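The values are calculated or read from the model by the stated rules, or taken from the named source; none is laboratory data. Keep in mind that what you see is a predicted model, and the values were worked out from it rather than measured. In this analysis, Cβ positions are derived from the backbone assuming ideal geometry, glycine residues included, and neighbour counts consider all displayed protein chains. Please note that ligands, DNA and RNA were not included when accessible areas were found on the heavy atoms of the full protein model with its side chains. Shrake-Rupley method; radii C 1.70, N 1.55, O 1.52, S 1.80 Å.
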Amino acid sequence: MSEIILMSDPRVAAIPVHECGEPLIDIRRGGPLLVDLRKQNDSDAFFYLREGVLERLRQAQTRLPAGLRFLVVEGYRPPGLQRRYFEKYVARLRAEHPEWSDEQIRSAASRFVSPPEIAPHSAGAAVDLTLADADGRELDMGTPMNATPEESAGACYTDAAGISERASAHREILGRALTDAGLVNYPTEWWHWSFGDRYWALITGAGSACYGPSQQGVRERPFSAERR
């Protein structure tokens, strides 16, 4: 496995953002993507992505084998909600590991929830998704989406060993289609892919990100206590 760069790495925050002003688009309005409604009681924001990300996601779907489709679970996440998710997970880790330093806690938290100041979801640049068959049934990906490193014993990592051959093959199919369309994966979460954000810029060698935190025309609903 190659080096895993976490969201908390200072190199991510050091990437400049040259905001392009591209709008957030509601992915439910037409198009071939399946949209999972499990989060609709939290915020309509989850159904939005930057226009360029959505276009690449549609391109990636055309690269999937016949009979398979993407099932999109979450796109944009308002900055305030991102902060609450991060703080909740930090509090959990601090309770479980009182001996850890603040830096250790922050680093461990960033495996699963991005620090709010650089979060790709809050830029409308990231999508959490899985694969489904023609009838909309989710494929075996080795772990449930949003399984924490603790819950999954690390099997949520994209290149994790120990998952079944079937699940490994499904992750490879997902990754090949999205990579070919220009998105990058966060390697601690097989389901998280992004384009145009700071993490994408660092991984691809781009000089800057084109998407920064956005509040464009998306109304946030009351926060739910559960991330998923």
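In the range 141-155, the residue that is modelled with the highest pLDDT out of those that are open to solvent by 30 Å² or more (accessible area, probe 1.4 Å) and not hydrophobic (A, V, I, L, M, F, W, C) is GLY142. When restricted to residues that are under 15 Å from the mean Cα position of the chain (by Cα) and under 25 Å from THR62 (Cβ atoms), the range 142-168 contains 2.
Among all residues of the range 78-88, there is none that is touching a residue at least 60 places away in the same chain (Cβ under 8 Å), open to solvent by less than 10 Å² (accessible area, probe 1.4 Å) and under 18 Å from GLU138 (Cβ atoms). State the number of residues belonging to the range 123-135 that are surrounded by fewer than 17 Cβ atoms within 10 Å (Cβ to Cβ) and closer than 14 Å to VAL72 by Cα. Final tally of qualifying residues: 1. Annotation note: Cβ proximity below 7 Å between a residue of the range 198-218 that is modelled with pLDDT of 95 or more and a residue that is hydroxyl-bearing (Ser, Thr, Tyr) and not in a loop (DSSP other than H, G, I, E, B) (sequence gap 6+ or interchain) occurs for TRP200/SER194.
One residue alone among GLU172, GLU138 is open to solvent by 30 Å² or more (accessible area, probe 1.4 Å), more than 20 Å from ARG92 (Cα to Cα), free of Cβ contacts under 8 Å to residues at least 40 places away in the same chain and not small (Gly, Ala, Ser), and that residue is GLU172. Residues that are under 16 Å from ARG63 (Cβ atoms) and of a type in the set (Ser, Thr, Tyr) within the range 174-203 comprise just one, THR179. Among the residues examined, ARG94 does not qualify as in contact (Cβ under 8 Å) with a residue 40 or more places away in the chain, of a type in the set (Lys, Arg) and either open to solvent by less than 10 Å² (accessible area, probe 1.4 Å) or out of contact with any Lys or Arg (no Cβ under 8 Å at 6 or more places or on another chain) (or both). Considering the range 87-107, the residues that are of a type in the set (Gly, Ala, Ser) and closer than 23 Å to PRO213 by Cβ include one that is nearest to the chain's Cα centre (by Cα), namely SER107.
Within the range 31-71, the set of residues being open to solvent by less than 10 Å² (accessible area, probe 1.4 Å), of a type outside the set (Gly, Ala, Ser), outside any loop (DSSP other than H, G, I, E, B) and modelled with pLDDT under 95 comprises PHE46, PHE47.
Every condition in (1) part of a helix (DSSP H, G or I); (2) at pLDDT below 95; (3) not hydrophobic (A, V, I, L, M, F, W, C) is met by ARG228 except one, and the failing one is (1).
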